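Some notes on the structure that comes next.
The values are calculated or read from the model by the stated rules, or taken from the named source; none is laboratory data. Because the structure is predicted, anything quoted here is derived from the model rather than measured. Cβ placement follows ideal geometry from the backbone for every residue including glycine, while neighbour counts extend to all protein chains displayed.
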Number of protein chains: 2
Amino acid sequence: MNPTITAFQRSPDGGKGLARDTRVRWALEEVGQPYDVRLVSFEAMKQPAHLARHPFGQIPTYEDGSLVLFETGAIVLHIAERHPGLLPTDPDARARAIMWAIAALNTIEPTVLDLTAARIFEADRPWAKERLRLVEDRARVRLAQLTDYLGEKQWLDGDFSAGDLMMVSVLLRFRVTRLLDEFPTLAGYVARGEARPAYRRAFAAQLAINAPPSGEDRLG
Amino acid sequence: MNPTITAFQRSPDGGKGLARDTRVRWALEEVGQPYDVRLVSFEAMKQPAHLARHPFGQIPTYEDGSLVLFETGAIVLHIAERHPGLLPTDPDARARAIMWAIAALNTIEPTVLDLTAARIFEADRPWAKERLRLVEDRARVRLAQLTDYLGEKQWLDGDFSAGDLMMVSVLLRFRVTRLLDEFPTLAGYVARGEARPAYRRAFAAQLAINAPPSGEDRLG
């Protein structure tokens, strides 16, 4: 039996691949693990059947036999632990790969969430414009620090790992704000992630659900 | 050789135990691992020597032989993997404990960071009051969902784990906002965490650094 993940029946991003199921799809593609997908509507996400899997009423979830997981970071690390390909075998390097995955989730992603709040949820508030500038400046601090760390490196720490998968996925969320254009080192790093065949398969799989059948090729 | 962690020379919270080194101290106390502490000033945190350990210029860091880690969640999970006591041996239960630790960091903590921004960093902005109400309401949604999940349970999933350590540590940050008082189920859960001898030792250790020598007992 393949593991089953959940994904939006209709992603709010219309197929840009920014919904978090793309991260799990990417991890499964990297390790070559086939998977099944159950699509859930926004209504179903708030119903008891889904809340029993995900107490915060979101996607993705992951079911594999007796195991039911929510929280994308945990699902990706679980996949990385069960299959070769996403975590180094050297114990120190392995710990650092996990460190970078968690840094993406707890140090970088909160600034993206703050940007999303400023851009979308609070767009109609009187403070919208002024606060957006404030939040962008906070994001720039983190992106500059990450740039300094990354330097000329291909990936964060040696070979591509679950840490890169998560960091690229989080950084992708900055692209709509154009902030990524200010940091060519990071833009190049993200592009290397997107160029991986496993990412492209994951992207195409979510696009097939979210793009209108007659829509243009939004991968280009 | 004991592992060495870094902590604030002078914590901005004046010894309330909310700085992130307390989480690492707590984990080390739970597993009975002695540790050394190197205190860093705000100035030193931005210098190359510290940035080489922590690219985002924060505390804590963790050094053990050849391994240097930053990012509290990663340090706590590393300690939990290396010593018995913070992760169940059953593989499913272990994956769920890691899941809750990451849920604390990526689902709950961003709402705390947002609250801190609204309460502290943006306190002098014209939108401060109105936005604080908005941010509090967002936090209430998450705290209500967590309350529904926790119900009558002692801990999140069976025995106390790294997931509880992280969730209690994150929830503690809500206390200054009084939001925790609205959720007695969570307040009780946090109190159970704080009552653990390992937590009390961790708290006392950071207090000894941050409390003025003649100060009152802020534990009470």
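Go through region B:29-71 and count every residue that is on the phi < 0 side of the Ramachandran plot and either assigned to a strand (DSSP E or B) or touching a residue at least 60 places away in the same chain (Cβ under 8 Å) (or both). Steps first, answer last, please.
Looking only at region B:29-71, we keep the residues that are on the phi < 0 side of the Ramachandran plot, and these are B:29-31, B:33-56, B:58-64, B:66-70.
Next cut, either assigned to a strand (DSSP E or B) or touching a residue at least 60 places away in the same chain (Cβ under 8 Å) (or both) only: B:29-30, B:36-40, B:61-64, B:67-70.
Of the residues in that region, 15 qualify.
Scanning region B:69-83 for residues that are over 17 Å from B:Ala19 (Cβ atoms), aliphatic (A, V, I, L, M) and more than 9 Å from every other protein chain (Cβ to nearest Cβ) turns up B:Ile79, B:Ala80. Residues in region A:127-139: is at least one farther than 21 Å from B:Asp124 by Cα, touching an Asp or Glu at 6+ places or on another chain (Cβ under 9 Å) and assigned to a helix (DSSP H, G or I)? No, region A:127-139 contains no residue that is farther than 21 Å from B:Asp124 by Cα, touching an Asp or Glu at 6+ places or on another chain (Cβ under 9 Å) and assigned to a helix (DSSP H, G or I).
When A:Leu172 is tested against the conditions (1) surrounded by 19 or more Cβ atoms within 10 Å (Cβ to Cβ); (2) more than 11 Å from chain B (Cβ to nearest Cβ); (3) modelled with pLDDT under 95, the lone failure is (3).
For region A:148-178, what are the residues that are within 19 Å of the chain's Cα centre (by Cα) and of a type in the set (Ser, Thr, Tyr)? Within region A:148-178, A:Ser161, A:Ser169, A:Thr177 qualify.
From the list B:Asp164, B:Asp157, the lone residue that is more than 9 Å from chain A (Cβ to nearest Cβ) and surrounded by 22 or more Cβ atoms within 10 Å (Cβ to Cβ) is B:Asp164. All conditions but one from (1) touching a residue at least 12 places away in the same chain (Cβ under 8 Å); (2) assigned to a helix (DSSP H, G or I) apply to A:Leu156; the one that does not is (2). Does A:Trp155 qualify as being over 26 Å from B:Thr111 (Cβ atoms) and outside the structural domain of A:Arg23 (by TED's automatic domain parsing)? Answer is yes for this residue. Taking each residue of region A:76-95 that is farther than 21 Å from A:Glu29 by Cβ and looking for partners that are among the acidic types (Asp, Glu) with beta-carbon atoms closer than 9 Å, six or more apart or interchain, yields A:Ala93/A:Asp157; A:Ala93/A:Asp159; A:Ala95/B:Glu81.
In the set (1) within 20 Å of the chain's Cα centre (by Cα); (2) in contact (Cβ under 8 Å) with a residue 60 or more places away in the chain, the condition left unmet by B:Arg192 is number (2). Among the residues of region B:96-115, the ones that are touching a residue at least 40 places away in the same chain (Cβ under 8 Å) and farther than 22 Å from B:Asp159 by Cβ come to 3 in all. Restricted to region A:117-128, and to residues that are of a type in the set (D, E, K, R) and away from chain B (no Cβ under 11 Å), which residue is surrounded by the most Cβ atoms within 10 Å (Cβ to Cβ)? The selected residue is A:Arg119. Taking region B:129-146 as the range and being facing chain A (nearest Cβ under 10 Å) and either within 16 Å of the chain's Cα centre (by Cα) or under 30 Å from B:His78 (Cβ atoms) (or both) as the test, the residues that pass are B:Arg142, B:Gln145, B:Leu146. Selection of region A:84-116 for residues being more than 9 Å from chain B (Cβ to nearest Cβ) and under 24 Å from B:Asp64 (Cα atoms) yields A:Leu86, A:Leu87, A:Pro88, A:Thr89, A:Asp90, A:Ala93, A:Arg94, A:Ala97, A:Ala104.
Taking first residues from region A:125-136 that are in contact (Cβ under 8 Å) with a residue 24 or more places away in the chain and partners that are in a helix (DSSP H, G or I) and among the charged types (D, E, K, R), the Cβ contacts under 6 Å between residues at least 6 apart in sequence or on separate chains come to A:Val135/A:Asp114. Filter region A:179-199 for residues that are in contact with an Asp or Glu (Cβ under 8 Å, 6 or more places away or on another chain) and not in a helix (DSSP H, G or I) and give the result. Result: A:Arg196, single match. Residues satisfying the criterion are present in region B:1-9 (criterion: modelled with pLDDT of 95 or more, in contact with a strand residue (DSSP E or B) (Cβ under 6 Å, 6 or more places away or on another chain), farther than 21 Å from A:Gln145 by Cβ and surrounded by 20 or more Cβ atoms within 10 Å (Cβ to Cβ)). Condition test on A:Met99, is it out of contact with any Ser or Thr (no Cβ under 8 Å at 6 or more places or on another chain), part of a loop (DSSP other than H, G, I, E, B) and of a type in the set (A, V, I, L, M, F, W, C)? In short, no. Only one of the listed residues (A:Pro48, A:Pro12, A:Pro34) is away from chain B (no Cβ under 14 Å) and farther than 16 Å from A:Ala204 by Cα. That residue is A:Pro12.
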